[in-house]
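One structure is given below, encoded as structure tokens.
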Amino acid sequence: MSATRVLILGGGYVGLYTALTLKKKAGNHVDITMVDRRPYMTYQPFLPEAAAGSIEPRHVVVPLRRELEGIRIVQGKITEIVHADKRARVETDFGDTRDIEYDEVVIALGAVPRTLPIPGLAEMGIGFKWVEEAINLRNMVLGRIARAATTEDPHLRRKLLTFVFVGGGFAGIEAFAETEDMARAALRHYPELQPADLRFVMVEAATRILPEMGEEMGGYTLEVLRKRGMEIYLATRLESCVDGRIELSDGQKFDADTVVWTAGVKPNPVISSSDLPTGPRGHINTLPTLQVADNDGNVIPGIWAAGDCAQIPDLAKGEGAWCAPSAQHAVRQARLLGANMAAALHGRPVKEYKHKHLGTVASLGLNKGVAQIMGVKLRGWPAWFMHRTYHMSQIPSFNRKARVVVDWTTALFFRRDLVSMGRIHEPRRAFKEASDS
């Protein structure tokens, strides 16, 4: 009997852990192919520390080919899924296309930034979901500081040193706090600048930040950041940022040279153009067993889903609740998905996903954090230590755990490296200038 052809679409948390679990439990009974545009999985909780220079950026990504030996990796973008024909279309960065057929498919495409048609945003905004964006933000902030130190124009200096973040969820607050902490540390090397020259602005449309942590801990975080001189405007929207001219819904207008967008995500758009059943917010309609179902709740054979792109009932919270889009859920869902698929292939019953959320942790800069674990609320250094301990334990592979620990240990004896390498994005610039001279 030939092996079952399994196609995993996406190489994030769900894709990686599903592949590892399925390979372990099904062995030679499955022929697994994974498709992802990037050859690595990004451990997103560590992106703020990578942007702030506390962790080497390469250490927050997990190479797929190294971890998934025996599994075929196809590097490309999914452009079409036709489950009726059991095939998916892949487009490479070189424009080539190919169709991959399968017997069983796992939809692990995750989410993409949910942007709005704000004038100027597409031209100057940057996201904060991938390691390349974290590296770019780091280089931008340090580069703006270096340039501000060399200009005598006060208006230009003010613009260069004004950094706007939009979105007060976990990703936004951690990026906001860690980046400000790094920028303040960098000023030690710039006697021309003062801490008061820095301006960090957070814009949040809701009435509070970190809603997942509850009103008390969100309020504490708001107070801590404002005491650091950081501006946070609640119930406020970004209206325009054309040519760096920031216009807020409360009437404020000022200039900035950096806009970071972290205001929510949405399911990968290829899902809406496929023949897959979706819920009211565009997520794939998924049962607690992680099998995809039609609108009547009937299992559709051969298709599974988990993570940010799936709408999965949260059995731990009760009827009507859905699993939150978090790494904590995604990793556990993926492991169960791999086990359930192996069980189904062998004719065994599948299990339902049920997990009580352990809590949440957030870093607010070096030695600063906030956490809520199993009902226990932590602030300051204990919360920061809990954040690091938990995520170090969760990042895949011993290789990456060891490298992250070495980064942190080194930082105990040496200050973090605060060198901008902005020109890495223009590798041919120096050669071209020499050729033109």
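The values are calculated or read from the model by the stated rules, or taken from the named source; none is laboratory data. These numbers were taken from a predicted model, which means no experiment stands behind them. We place every Cβ from the backbone using ideal geometry, glycine too, and count neighbours over all the protein chains shown.
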Point to revise | Condition met for Arg245 (within 23 Å of the chain's Cα centre (by Cα), farther than 17 Å from Ala306 by Cβ and of a type in the set (D, E, K, R)) | key: no
Check your understanding: What number of residues within the stretch 227-238 satisfy the criterion of being farther than 17 Å from Ser249 by Cβ and in contact with a strand residue (DSSP E or B) (Cβ under 6 Å, 6 or more places away or on another chain)?
Key -> 1
Study note, to complete from the structure: Scanning the stretch 107-136 for residues that are under 14 Å from the mean Cα position of the chain (by Cα) and either under 15 Å from Thr258 (Cβ atoms) or of a type outside the set (A, V, I, L, M, F, W, C) (or both) gives Gly110, Pro113, Arg114, Ile126, Gly127, Phe128, Lys129, Glu132, Glu133, Ala134, Ile135
Exercise for review: Could you tell me whether any residue of the stretch 110-122 is assigned to a helix (DSSP H, G or I), under 20 Å from Gly172 (Cα atoms) and out of contact with any Lys or Arg (no Cβ under 7 Å at 6 or more places or on another chain)?
Suggested key: yes
Practice item. Scan the strands (runs of 3 or more DSSP E) fully inside the stretch 239-358 and keep the ones with 1 or more residues being touching a strand residue (DSSP E or B) at 6+ places or on another chain (Cβ under 9 Å) and more than 30 Å from Pro48 (Cα to Cα). Key: 291-293, 299-305
Practice item. Please state which one of Gly70, Gly76 is surrounded by 17 or more Cβ atoms within 10 Å (Cβ to Cβ) and not β-branched (Val, Ile, Thr). Key: Gly76
Review point. Quick one: how many residues across the stretch 189-217 are crowded, with 20+ Cβ neighbours inside 10 Å and either farther than 22 Å from His155 by Cβ or modelled with pLDDT under 95 (or both)?
Key: 6
Check your understanding: What tally of residues in the stretch 383-399 results from selecting those that are surrounded by 15 or more Cβ atoms within 10 Å (Cβ to Cβ) and farther than 23 Å from Tyr40 by Cβ?
Key -> 4
Exercise for review: Tell me the strands (runs of 3 or more DSSP E) entirely within the stretch 1-95 that contain at least 3 residues that are out of contact with any Phe, Trp or Tyr (no Cβ under 8 Å at 6 or more places or on another chain).
Suggested key: 4-9, 30-36, 72-75, 77-82, 87-91
Exercise for review: Output the number of the condition that Ala206 fails; it satisfies all remaining conditions of (1) within 29 Å of Tyr43 (Cβ to Cβ); (2) free of Cβ contacts under 8 Å to residues at least 40 places away in the same chain; (3) touching a helix residue (DSSP H, G or I) at 6+ places or on another chain (Cβ under 9 Å).
Suggested key: (3)
Review point. If you go through the stretch 292-322, how many residues are surrounded by fewer than 14 Cβ atoms within 10 Å (Cβ to Cβ) and either basic (Lys, Arg) or in contact with a Pro (Cβ under 9 Å, 6 or more places away or on another chain) (or both)?
Key: 5
Study note, to complete from the structure: Of (1) surrounded by fewer than 16 Cβ atoms within 10 Å (Cβ to Cβ); (2) within 19 Å of the chain's Cα centre (by Cα); (3) not in a helix (DSSP H, G or I), Asp99 satisfies every one except (2)
Practice item. Confirm whether Val406 is surrounded by 14 or more Cβ atoms within 10 Å (Cβ to Cβ), assigned by TED's automatic domain parsing to the domain that holds Met213 and either modelled with pLDDT of 85 or more or of a type in the set (Lys, Arg) (or both). Key: no
Point to revise | Residues satisfying the stated conditions in the stretch 320-354, i.e. under 21 Å from Lys266 (Cβ atoms) and touching a helix residue (DSSP H, G or I) at 6+ places or on another chain (Cβ under 9 Å) | key: Cys323, Ala324, Pro325, Ser326, Ala327, Gln328, His329, Ala330, Gln333, Ala334
Practice item. Considering only residues that are of a type outside the set (A, V, I, L, M, F, W, C) and in contact with a Leu (Cβ under 6 Å, 6 or more places away or on another chain), look in the stretch 5-28 and name the one that is nearest to Ile107 (Cα to Cα). Key: Gly10
